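J.: Questions regarding the structure given below will be posed in turn.
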């Protein structure tokens, strides 16, 4: 039997869960972004094999720097946050330090993501 909570929509929207809630939401966004990309990629490969023009349009979207930056955000954040979740699940005694783990996660993410964004942008500029 599920939990019964009587929370109004306005109360839920005002919730300020800070770091843990933000990582929860971004983890879900990253997972959905990857799932949508994989689905569209499979469909685009099928369509392009048939010679339809929509496959070329989708291919142009894939090489766009904005799309690549979004996808690297989804993959990188989902992977790093998933590792943090796994570590805290495997070692329950560390759950007391979950806010510190989130800060370490953000530091690692920002360093790797900024390197990836710079690489994507310089590659895009080199293609011009």
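The values are calculated or read from the model by the stated rules, or taken from the named source; none is laboratory data. Because the structure is predicted, anything quoted here is derived from the model rather than measured. Cβ atoms come from the backbone with ideal geometry, glycine included; neighbour counts cover every protein chain shown.
J.: Look through 55, 59 and report the one residue that is closer than 24 Å to residue 74 by Cα and either in contact with a helix residue (DSSP H, G or I) (Cβ under 6 Å, 6 or more places away or on another chain) or in contact (Cβ under 8 Å) with a residue 40 or more places away in the chain (or both).
T.: Sole residue among the options that is closer than 24 Å to residue 74 by Cα and either in contact with a helix residue (DSSP H, G or I) (Cβ under 6 Å, 6 or more places away or on another chain) or in contact (Cβ under 8 Å) with a residue 40 or more places away in the chain (or both): 55.
J.: Which of the residues that make up the range 26-62 are exposed (fewer than 11 other Cβ atoms within 10 Å of the Cβ) and in a helix (DSSP H, G or I)?
T.: Correct list: 38, 39, 42, 49, 53, 60.
J.: Hey, any hits in the range 45-55 for a residue that's on the phi < 0 side of the Ramachandran plot and under 21 Å from the mean Cα position of the chain (by Cα)?
T.: No: the range 45-55 contains no residue that is on the phi < 0 side of the Ramachandran plot and under 21 Å from the mean Cα position of the chain (by Cα).
J.: Can you find a residue that is in a helix (DSSP H, G or I), more than 27 Å from residue 128 (Cα to Cα) and modelled with pLDDT of 95 or more anywhere in the range 67-77?
T.: yes
J.: A further question follows. For the range 96-114, which positions are touching a helix residue (DSSP H, G or I) at 6+ places or on another chain (Cβ under 7 Å) and farther than 16 Å from residue 21 by Cβ?
T.: 108, 109, 112, 113
J.: While we're looking at this one, here's another question. From the list 22, 96, 3, 88, pick out the single residue that is modelled with pLDDT under 95, loosely packed, with under 11 Cβ neighbours inside 10 Å and in a helix (DSSP H, G or I).
T.: Criteria check complete, one pass: 96.
J.: Which one is farthest from residue 76 (Cα to Cα) among residues in the range 111-122 that are more than 17 Å from the chain's Cα centre (by Cα) and surrounded by 12 or more Cβ atoms within 10 Å (Cβ to Cβ)?
T.: 121
J.: While we're looking at this one, here's another question. Residues 66, 24, 46, 70: which one is out of contact with any helix residue (DSSP H, G or I) (no Cβ under 8 Å at 6 or more places or on another chain) and within 15 Å of residue 113 (Cβ to Cβ)?
T.: Answer to the check: 66.
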